[in-house]
Protein chains: 2
Amino acid sequence: MSAPDVRTRIVMAAMELFWVKGYNSTSIADILSRTQLNAGSLYHVFPGKQDVLIAVLEAYRDGLYENLVDPAWEGVDDPVERIFALLARYRWLILETDCTYGCPIGSLALELHEADPVVRELLAVNFTGWVGAILRCLDDAGDRLPPGLDKQALAEFVLTTMEGGVMQARTHRDVGYFDRGVSALRDHFDMLLARAARRAQPA
Amino acid sequence: MSAPDVRTRIVMAAMELFWVKGYNSTSIADILSRTQLNAGSLYHVFPGKQDVLIAVLEAYRDGLYENLVDPAWEGVDDPVERIFALLARYRWLILETDCTYGCPIGSLALELHEADPVVRELLAVNFTGWVGAILRCLDDAGDRLPPGLDKQALAEFVLTTMEGGVMQARTHRDVGYFDRGVSALRDHFDMLLARAARRAQPA
DNA sequence: AGCCCTATTGAATGCTCGTTCAAGAACCGG
DNA sequence: CCGGTTCTTGAACGAGCATTCAATAGGGCT
């Protein structure tokens, strides 16, 4: 319950500000006023603004399960349903933000056009972590999915569905765009599950 | 062959700069040096920077078929193949830019967090136009697709696949992410076409 | 108390940005 | 060739930006 240290306060404030305003549109002054710190304190901990971004991306990477995946999977055991539970969590975030929600990683990935290699690598790692969580579900689904299915590709496709749905929902300010994307993915899974069942049934 | 007028030169330069560097990272000075114009000339035509953005988005909207769709569809008549021909064009763009390609509209949609209503509407209209082109293909495919299929949703799903694939390909600097997304969408279409054929065959 | 190292303060710096505007050039109808 | 309008020039402005740093405070050790 003790006050978090300076570094943590900065990272948490920057996390939210980068998410709401984007990286370039967030000034150091924004972070300072939000954290009630002075410029020197920030620059004592971080060499520069980009290093704050790096710390934010590391925080997303390290908090993936704790902050996003585990809450979404609470009370959901079926591996396939876990995938859609995670997507449902994003739907909730969209509603909670009046359809202004944007995936923090996706937004940063598209905003930073000439990103430093370290930053780009962290963006990629964040995507890989997310896809890894889905991949775990697909592995757990075992032979309910067709044999020979490229599970890595399918896991990436789930991320694609989320990112595309979030992007369109925000642009149109309408969850329907997200819902229809998830619905299409659901059809995709249903067809895959049906195909696997058809092969398994006639033993 | 005569030199294009000032407005056109500005819009064309801004189109490329916004695409390469993003909106916020492109300065008026960038546009001026690229067009060899002076500040006064730009401000004589446009009230401000945002109006340049609006003109750029209108140009994308108005040039959708001429600059993107028609070239992609040249020599491709089958409506379903036209969808994948359009995606193939994006694949080519990704390769042409060494996997740094980003959809101009998608990038702007995620970069502009607190966008003016006019700008947001134009972003939405651009998406709608793109989806409309896909929808036309789906309609042309007629009863090759299952009856009762939500074609609007499927068309949006194609956009989702493109945006998600482009985003991941760029972040990982690897076309494979785009290819696997398209491949998953191909599977999706194959399964839909097979389902429709199964229903039609046993007359 | 005295010392040293770490942490904080907040004004100052230099830069870039979008935008303005008075002055002048180019154009055109009569 | 004149008068009026449109377009261009390019310096100037003020605001906001990331970053620096000398001065100061705090905390732990002897």
Would you mind listing the distances between the B:PRO47 label point and the same position in each other copy? Use 7 Å along Cα-to-C-beta, nm, one decimal, shortest first.
4.5
Under Stokes-Einstein, the protein assembly as shown at 37 °C and 0.692 mPa s, with its Kirkwood radius over C-alpha pairs, diffuses with a coefficient in µm²/s of 144
At B:GLU121, label 7 Å along Cα→Cβ: distances to the other copies, nm, ascending?
4.6
Teacher prompt: A:ASP77 distances to equivalent labels in other copies, 7 Å Cα→Cβ, nm
5.7
What are the residues of the stretch A:89-120 that lose 20 Å² or more of accessible area, with a 1.4 Å probe, going from their chain alone to all protein chains?
A:SER107, A:ALA109, A:LEU110, A:GLU111, A:HIS113, A:GLU114, A:ARG120
Measuring from the longest principal axis of the C-alpha atoms of chain B, the long axis of helix B:79-96 (C-alpha) lies at a number of degrees, nearest 10, equal to 40
Helix B:6-21 sits at what angle to the longest principal axis of chain B, using alpha carbons and giving 0 to 90 degrees rounded to 10?
60
Rg/Rg_ref, the stretch A:6-56, where Rg_ref = 2.2 N^0.38 Å and atoms are Cα
0.95
log10 of Debye I(q)/I(0), alpha-carbon scatterers only, for the stretch B:130-195 at 0.13, 0.19 Å⁻¹
-0.39, -0.74
B versus A: buried accessible surface, summed, Å² (probe 1.4 Å, to nearest 100)
4100
Distance between modelled label sites at B:ASP116 and B:ILE28, nm, 7 Å Cα→Cβ extension
1.3
Summarise the long-distance tail of P(r) for chain B by giving the % of C-alpha pairs beyond 25 Å.
45
Report in % the part of the accessible area of the stretch A:63-200 that belongs to carbon and sulfur, leaving out ligands and nucleic acids; probe 1.4 Å.
48
Using a 1.4 Å probe over the heavy atoms of the protein chains, calculate the carbon and sulfur portion of the accessible area of the stretch A:6-56 as a whole percent.
53
Starting from the residue with the highest accessible area, list A:GLU156, A:GLU66 in decreasing order, probe 1.4 Å.
A:GLU66, A:GLU156
Relative to the longest principal axis of the C-alpha atoms of chain A, give the angle of the C-alpha long axis of helix A:49-62, reported between 0 and 90° and rounded to the nearest 10°.
30
Could you do me a favour and compute the accessible area per residue for the protein assembly as shown, 1.4 Å probe, result in Å²?
45
Cα→Cβ-extended label distance, 7 Å offset, between B:GLN152 and B:GLU58, nm
2.8
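The values are calculated or read from the model by the stated rules, or taken from the named source; none is laboratory data. Fair warning: this is a prediction, and the values are worked out from it, not measured in the lab. Cβ atoms come from the backbone with ideal geometry, glycine included; neighbour counts cover every protein chain shown. For accessibility, only protein heavy atoms count, side chains too; no ligands or nucleic acids. Shrake-Rupley method; radii C 1.70, N 1.55, O 1.52, S 1.80 Å.
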